[in-house]
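**Student:** Just passing along the structure, written as structure tokens.
The values are calculated or read from the model by the stated rules, or taken from the named source; none is laboratory data. A quick note: this is a predicted structure, and the numbers were derived from the prediction, not measured. Using ideal geometry, Cβ is built from the backbone for each residue, glycine included, and neighbour counts are taken over all protein chains shown.
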Amino acid sequence: MAFSSYLYGGHFAFAQTDQTGSKLQAANSAVEQAFKAVLEAEKAGANVTSLLVQLNVAAGDLAQAENSYQAGDSNTAVVQADSVLPIAQSVTNSAQGAQQDALVSGQRTVWLTIAFSLIGASELVFALFLVWRRFQRRYMEKIPGLKPEVDENKA
């Protein structure tokens, strides 16, 4: 009977350790995925300052969970690892949304730049045409009043 309780207790401890390890691995993967999402959002031009703060909180909680696991406190490690998952998911979702917003904003900026460049170029061409017409009219008005000069020494 003593031997069976030893086996049962050992099996329970092994299962709890395995469960804790898988929770920590899931939390670590979630934080890694959130970090990649924040990095992609930043590359797209999104403001990720608040996301980095939340990511630091999640990473701090994950570090505490791993420390608790290393210290042998599996229950605390599981609770801390479980608290990391919603934060990491929230950061991932927010980062993906921010990335999409930044990409749309960037595309809008490119199209506005193209449109304003075309409008500005056409206005410049029109202004140059008006200036050319004005100089042409003045020149045409001066032509009838001009007399050809004859150089008497050469003739």
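**Student:** Could you tell me whether any residue of the stretch 39-54 is over 20 Å from the mean Cα position of the chain (by Cα) and crowded, with 20+ Cβ neighbours inside 10 Å?
**Tutor:** For the stretch 39-54, residues over 20 Å from the mean Cα position of the chain (by Cα) and crowded, with 20+ Cβ neighbours inside 10 Å: absent.
**Student:** Which residue out of 146, 112 is at pLDDT 95 or above and of a type in the set (A, V, I, L, M, F, W, C)?
**Tutor:** Residue meeting the stated conditions: 112.
**Student:** Is it the case that residue 79 is surrounded by 13 or more Cβ atoms within 10 Å (Cβ to Cβ), closer than 26 Å to residue 102 by Cα and under 32 Å from the mean Cα position of the chain (by Cα)?
**Tutor:** Judged against the criteria, residue 79 is not a match.
**Student:** In this structure, does residue 66 turn out to be charged (D, E, K, R), surrounded by 14 or more Cβ atoms within 10 Å (Cβ to Cβ) and over 27 Å from the mean Cα position of the chain (by Cα)?
**Tutor:** Yes: the conditions hold for residue 66.
**Student:** Would you say residue 75 is modelled with pLDDT under 95 and in a helix (DSSP H, G or I)?
**Tutor:** For residue 75, the condition - modelled with pLDDT under 95 and in a helix (DSSP H, G or I) - is met.
**Student:** Can I ask one more? Collect the residues in the stretch 101-111 that are surrounded by 11 or more Cβ atoms within 10 Å (Cβ to Cβ), without any contact (Cβ under 8 Å) to a residue 12 or more places away in the chain and among the polar types (S, T, N, Q), keeping them in residue-number order.
**Tutor:** 109
**Student:** Right, something else. If you go through the stretch 112-148, how many residues are exposed (fewer than 10 other Cβ atoms within 10 Å of the Cβ) and under 38 Å from the mean Cα position of the chain (by Cα)?
**Tutor:** 0
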